[in-house]
Amino acid sequence: MADPPGGAALLKRAPFLLFLSSRILSQGALQVQAVAVGWQLYELTGSALDLGLLGLVQFLPVLLMTLPAGHVADRHPRKLVVGSCRMAAGVAVLALGLGSLAGWLDRTAIFVLVGLLGIARAFEMPAQQALLPGVVPGALFPRAVSLTTTAGQLATICGPAVAGALIVLGGTAAAYLPAAVALLAAGAMALAIAVPPHVPAAGGAGLARFFEGVAFLRARPVLVGAVSLDMVAVAMGGAAALFPVYARDVLAAGPVGLGMLRAAPAVGAMATGLFLAWRPLRGRSGLRMFQAVILFGVATTGFALSTSLILSVALLVVVGAADVVSVVVRQSIVQLGTPDEMRGRVAAVNSLFIGASNQLGEFRAGGMAAAIGPMAAAAIGGACTVAVALAWMRIFPALRGIDRLEEVAEGAPKPM
């Protein structure tokens with residue numbers, strides 16, 4: 001079998017370039033916002049628990065609204081949903097910046113505005129995932145996921161570094177305001193993407209429609225294993241909420257060090273994503289995903305115990321590299337294994353699991369750090385991630401046995 005066209009073919013497609021550019025701006029702006037709001041909140045309260053609550057505030061809208069958001073993504077043009085959500089996020093970040101300048105931004109206002117960001121993200125994530133298969137042909141999809149992930153990680157590298165420098169130079173307002181402008185621009189670019197006319201999913205908006213994505217996944221153990229592995233492993237092992245604590249109290253590195261910690265996983269992810277776009281996985285893809293999750297947990301445990309900034313950054317690079325392998329395999333399995341008319345609702349369930357893994361992971365890390373200290377909390381989380389990966393290998397043998405990612409698309413149900 002001939003290999004599909006390379007990543008260069010993707011970069012010649014104007015719709016994909018717009019998709020990619022919008023993703024870079026949006027992801028970079030959100031990273032700047034995340035660094036600024038974490039630093040500002042920890043300076044205001046000095047509470048690791050508040051950093052965990054920040055993750056919970058972002059997760060609650062995802063929990064409550066993601067399934068309806070998946071139905072919206074199947075009923076309405078996906079680029080319209082993505083563009084509108086990014087612009088709404090830009091308005092919320094603009095309010096954070098203006099509140100910092102005016103002096104009224106306190107703990108409560110931060111939680112409210114971050115919650116609004118969570119609402120925008122809840123509707124954006126399913127639509128964005130479901131939009132990509134309409135932008136590129138199926139043969140290029142795994143490479144497109146790799147390049148898109150790489151672009152997001154490039155923004156994640158630049159965003160925290162820029163945020164740390166801006167905070168040092170002009171305070172948190174100097175970070176929020178450019179991020180707001182970038183989000184508004186990203187929304188406009190998303191609206192300009194040329195895609196085939198959207199065919200709305202049949203049926204109304206009843207409660208049963210919202211849960212069709214859940215029913216679809218439940219009937220397919222491979223997809224259940226793929227999305228649940230990420231949720232449980234990252235919820236246990238995620239340590240990003242503790243980066244402000246490590247930067248200030250463990251590593252004594254300040255806001256610039258915080259930017260380095262936030263950017264380090266993206267360095268590993270970007271390098272790995274570029275490699276996978278050039279040389280995608282050609283076999284034993286399921287096993288490679290499990291191996292990557294185990295490496296993620298081991299590197300997280302090493303980071304937890306490190307008191308050296310250089311070693312901590314290096315271990316976080318490994319964390320990012322391992323994570324992107326898992327992301328590419330998982331996203332390819334879920335999207336290629338789902339017919340187009342169901343992609344919004346299935347992507348909504350996947351987004352719910354991703355949101356749960358990230359935000360509940362932050363809440364878990366912050367709560368445990370407040371109780372037993374940051375180093376113990378992060379180390380236990382990394383060890384739990386390894387245990388989860390080993391357990392899932394036994395529970396979902398079909399997922400472990402996937403060879404080529406194209407097999408998932410070949411076995412996917414076809415539209416009627």
Show the residue pairs meeting these rules: Cβ distance below 7 Å; 6+ apart or different chains; first residue within the range 374-403 and farther than 20 Å from ARG284 by Cα; second residue of a type in the set (Ser, Thr, Tyr) and buried (at least 18 other Cβ atoms within 10 Å of the Cβ). PRO374/TYR246; ALA378/THR300; ALA379/THR301; GLY381/THR300; GLY382/THR300; GLY382/THR301; ALA383/THR301; THR385/THR300
What about VAL112, is it free of Cβ contacts under 8 Å to residues at least 12 places away in the same chain and not aromatic (Phe, Trp, Tyr)? yes
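Just wondering, is there one or more residues in the range 74-96 that are of a type outside the set (Phe, Trp, Tyr), assigned to a helix (DSSP H, G or I) and at pLDDT below 80? Lay out the reasoning, then the answer.
Start the filter on the range 74-96 by keeping residues that are of a type outside the set (Phe, Trp, Tyr), which leaves 74-96.
Retained after the next criterion (residues that are assigned to a helix (DSSP H, G or I)): 74-75, 78-96.
Adding the requirement that they be at pLDDT below 80 leaves 74-75.
Yes, the range 74-96 has at least one match.
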For the range 99-108: of the residues being under 10 Å from ALA173 (Cα atoms) and in contact (Cβ under 8 Å) with a residue 40 or more places away in the chain, which is surrounded by the most Cβ atoms within 10 Å (Cβ to Cβ)? SER100
With the condition kept exactly as written, say whether any residue in the range 312-335 is out of contact with any helix residue (DSSP H, G or I) (no Cβ under 6 Å at 6 or more places or on another chain), farther than 21 Å from GLY38 by Cα and basic (Lys, Arg). no
Mind checking whether some residue in the range 275-284 is small (Gly, Ala, Ser), modelled with pLDDT of 80 or more and buried (at least 21 other Cβ atoms within 10 Å of the Cβ)? no
Closer than 28 Å to ALA130 by Cβ, touching a helix residue (DSSP H, G or I) at 6+ places or on another chain (Cβ under 9 Å), modelled with pLDDT under 80 and of a type in the set (S, T, N, Q) - does that describe any residue in the range 53-73? yes
ARG143 among the basic types (Lys, Arg), more than 23 Å from ALA36 (Cα to Cα) and either surrounded by fewer than 23 Cβ atoms within 10 Å (Cβ to Cβ) or in contact (Cβ under 8 Å) with a residue 24 or more places away in the chain (or both): yes
Six or more apart or on different chains, Cβ atoms under 9 Å: show the pairs whose first residue is in the range 243-257 and touching a residue at least 40 places away in the same chain (Cβ under 8 Å) and whose second is surrounded by fewer than 18 Cβ atoms within 10 Å (Cβ to Cβ) and not in a helix (DSSP H, G or I). VAL250/THR307; LEU251/THR307; LEU251/SER308
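The values are calculated or read from the model by the stated rules, or taken from the named source; none is laboratory data. Worth saying up front: this structure is predicted, and the values here are computed from it rather than measured. No Cβ is skipped: glycine too gets one built from the backbone with ideal geometry, and neighbour counts run over all protein chains shown.
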